[in-house]
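**Q** Take this structure first; my questions come after.
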Amino acid sequence: MNNIIKELSIDEFTFFKKKAEKQKKETNQILLVLVSILFIFFIATFFMSARENAMKALLVISILYGIAFILINQKNVKIKKDLKNRKKEIITGIIEDKKETRTRNGNAYFFYISKAKINVPITEYIQFKEGNHVEIHRAIYSKIVLKINLIH
């Protein structure tokens, strides 16, 4: 397996910019729903029990919100790093194995190249076979695959 670092093309940079905007919108929607749920929980606690319990609930809610914000925002931070860095890695090697894994959010698809586990889109997972010699272009921090070329 060979790794080469190169500059992002204009198309790849534009793709990342759109991806970052989409990711930011999705994150804001999730956080808005989370804040709404936590606010309703706080109000219910405030009116259903003693006021001192409401303050404890507010503290717990604040901690939960902070943890959720950090977890949800991690991907945004990585995409922003990729935009700032403007570099990609090109991984060249032979697909030794392919695996499909079930996750909470659906399925994830992986190529194994020289024992490296690379998450790929379903379209490429279907298109390429074990034994293919490929060149995978992906972002350095977010690990988002930009394209895969078959090498003959």
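The values are calculated or read from the model by the stated rules, or taken from the named source; none is laboratory data. Since we're looking at a predicted model, the values are computed, not measured. Here Cβ is always computed from backbone atoms with ideal geometry, including for glycine, and neighbour counts include all displayed protein chains.
**Q** Check whether at least one residue in region 99-108 is aliphatic (A, V, I, L, M) and either within 19 Å of LYS22 (Cα to Cα) or in the same structural domain as LYS143 (by TED's automatic domain parsing) (or both), and report yes or no.
**A** Within region 99-108 (the criterion being aliphatic (A, V, I, L, M) and either within 19 Å of LYS22 (Cα to Cα) or in the same structural domain as LYS143 (by TED's automatic domain parsing) (or both)), the answer is yes, since at least one residue qualifies.
**Q** Then there's this: Please verify whether region 54-69 includes one or more residues that are in contact with a His (Cβ under 8 Å, 6 or more places away or on another chain) and not polar (S, T, N, Q).
**A** no
Residue-by-condition table, conditions (1) closer than 21 Å to PHE15 by Cα; (2) in contact with a Lys or Arg (Cβ under 6 Å, 6 or more places away or on another chain); (3) of a type in the set (A, V, I, L, M, F, W, C):
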| residue | (1), (2), (3) |
| --- | --- |
| PHE41 | no, no, yes |
| LYS80 | yes, no, no |
| THR92 | no, no, no |
| ILE126 | no, no, yes |
| LEU150 | no, no, yes |
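**Q** Looking at this structure, is LYS19 more than 17 Å from the chain's Cα centre (by Cα), of a type in the set (Lys, Arg) and either assigned to a helix (DSSP H, G or I) or under 26 Å from ARG138 (Cα atoms) (or both)?
**A** When the stated conditions are applied, LYS19 does not pass them.
**Q** Now a separate question. May I ask you to list the residues in region 114-132 that are over 21 Å from the mean Cα position of the chain (by Cα) and surrounded by 14 or more Cβ atoms within 10 Å (Cβ to Cβ)?
**A** PHE128, ASN132
**Q** Here are some conditions: (1) farther than 26 Å from ALA20 by Cα; (2) surrounded by 12 or more Cβ atoms within 10 Å (Cβ to Cβ). HIS152 meets all but one. Which one does it not meet?
**A** If we test HIS152 against (1) farther than 26 Å from ALA20 by Cα; (2) surrounded by 12 or more Cβ atoms within 10 Å (Cβ to Cβ), just (2) comes out false.
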